[in-house]
Amino acid sequence: MVRTSHALLVGLITVFLTALIAFVGGWLASQTFGNVPFQYVTSTITGQPTTETAPADVADTFTVFWDVWELVDREFYRTDPLDNQQMTYGAIRGMLQSLNDDYTIFQEPEAAERSRESLEGKFEGIGIYMRIENGEVVVDRPIRGSPAINAGLQSGDIIVMVQGQPVSELIDGLGDPEAMQAVARVVRGPKGSSVDLTIRRPADGTTFDVAIVRDEVPLISVNYQMLEDGVAYVQLTEFKATTTGELDAALRELLPQQPRSMVLDLRNNPGGYLTTAQEVLGRFYDGVALYEELNDGTDKEFSTIRGPRDVRVPDLPLVVLVNNSSASAAEIVAGALRDKRPHTTLLGETSFGKGSVQNIHQLRDGSSVRITIAQWLTPNRQVIHNVGITPDHIVLASQEEAYLVPCIDDGVSPTRTEPCYDAQLSWGLRLLLTGAIPPQPEPTPTGYIRQNPVSMVQ
């Protein structure tokens, strides 16, 4: 879950933000460099030197660090000069890793900027999601209306060269996240600039060159559709700075149609801003959104943030879809709706289980550090961290033909023409329309496998 100093639009909106609080999903890095939770907390841009004196034991211990630094500087055999910045970044990572907390992390300036752009809801580039597959960079899908779509790029295209340099050279010896970052550095760029790509299309065996002019690309986080029998469908893909406005626009179109029930789809939602989660909940009810449990054992209560009257969802039957990639702010919303809103049913798979809160500090060189400061609890004080939320009805993902559903316009992929199958949505609709209860699957020894997709938006 992401927290920020609210004065600056919940945080990741500007490099001058004072603080962010992140209920960021457990795999935000892979999601942001790919597809990768909130309230109020004060912190500062760590751009001014501190006047505080370190405790004596810390100062004594730190002399050992400088002893090693000086020994490396004096004795380490190398043919190239030492990179003091990378040595410093490495030392910071080592310090944070010693805390044994996956969510207390350091991001270098480039990664921090990508995270900021992702949650801001727009970026400048060509508009594709990409992934690494068998050592190659593959276009996972182009974003509708983007320069990539206009240039004719398709899902499954392989990026062979960027600006005349073979991609194989760019990513040689790198892990998947690092490889995507390396390609991102040359694919992304400011609006109006151009990038030259060589594309191989396995679908027809062709290879071709294309020059794409970069532009501003919006990252849509709300998809919606009025289904048959008066069921309103709303999908939240992330809790961005722009999500509340998108949701309000969706509700202003759906609610006048007088839906009799609603599906809120939070599957594969990695989280985002806490303030956005509070605002989303404020469209469904008034009251407690979550509790935050701090180091000193005290709790802090966070309430929903009420929206305008015309976007208040009436007290109609609601099914919330979750899976094992629903994390952080998505879990806050799912848990709060079940605890506080009547006629709400959770359906799908046990959620990810990311129930800690991070304070995100912008550092003076553009890098950032996220520090876990608390854990959050649902309004009924249910612990989520490392446990997840178990839905009322377990339905495993399946695309068998028995589960034919309306094809949902996701605002990103090209319009679907083939049939769509989705067991979880299918059972959600059956429950709302007929009251049918899905059969519970047999438990497995290993439980559910969390999927951490590795893709990056460009």
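Read-outs: derived from the displayed coordinates by stated rules, not from any lab. All values reported here derive from a predicted model rather than from experimental measurement. Counting neighbours? That spans all protein chains shown, and the Cβs are built from the backbone with ideal geometry, glycine included.
Zone of Val387 (label point 7 Å along Cα→Cβ, backbone N under 15 Å): which residues in the stretch 344-368?
Under 15 Å, as judged by backbone N against the label point of Val387, lie 350-356 of the stretch 344-368.
Could you give the distance between the Cα centres of the stretch 230-284 and the stretch 294-333, to the whole Å?
Computed from Cα coordinates, the inter-centre distance equals 11 Å.
Below 8 Å between Cα atoms, with a sequence gap of 6+, how large is the relative contact order for the stretch 123-218 in percent?
Once normalised by length, the contact order is 33 percent.
Would you mind computing, in nm to one decimal, how far apart the modelled labels at Leu174 and Glu75 are, each placed 7 Å from Cα along Cα→Cβ?
3.4 nm
If you rank Lys300, Lys240, Lys354 by fewest surrounding Cβ atoms within 10 Å, what's the result?
Going from least to most buried by this count: Lys300, Lys240, Lys354.
How do Val58, Val395 rank when sorted from fewest to most other Cβ atoms within 10 Å of their own Cβ?
Sorted ascending by nearby Cβ count, the order is Val58, Val395.
What distance in nm separates the simple spin-label points at Leu316 and Arg93, each placed 7 Å from Cα in the Cβ direction?
5.0 nm
Provide Trp69, Trp427, Trp376 in ascending order of the number of other Cβ atoms located within 10 Å of each residue's Cβ, fewest first.
Result, fewest neighbours first: Trp69, Trp427, Trp376.
What length, rounded to one decimal in nm, is gained on full extension from Asn100 through to Asp365, with 0.36 nm per residue of separation minus their alpha-carbon distance?
Gain on stretching Asn100 to Asp365: 92.9 nm.
Using only the alpha carbon atoms of the stretch 123-218, find the Kirkwood hydrodynamic radius as the inverse mean reciprocal pair distance, in angstroms to one decimal.
That comes to 13.2 Å for the stretch 123-218.
At 0.36 nm per residue, minus the direct Cα-Cα distance, what do Asp209 and Glu400 gain on full extension? Give it in nm, one decimal, please.
Contour length minus the Cα-Cα distance gives 64.9 nm.
Extension gain Asp83-Arg430, at 0.36 nm per residue separation less the Cα-Cα distance, in nm?
118.9 nm
Identify all lysines with a Cα-Cα distance to Lys340 below 29 Å; exclude those on the same chain that are fewer than 8 residues away in sequence.
Result set, ordered by chain and number: Lys240, Lys300, Lys354.
What's the local net charge at Gly428, with K and R +1, D and E -1, over the other residues with C-beta under 15 Å away?
Result for the local shell: -2.
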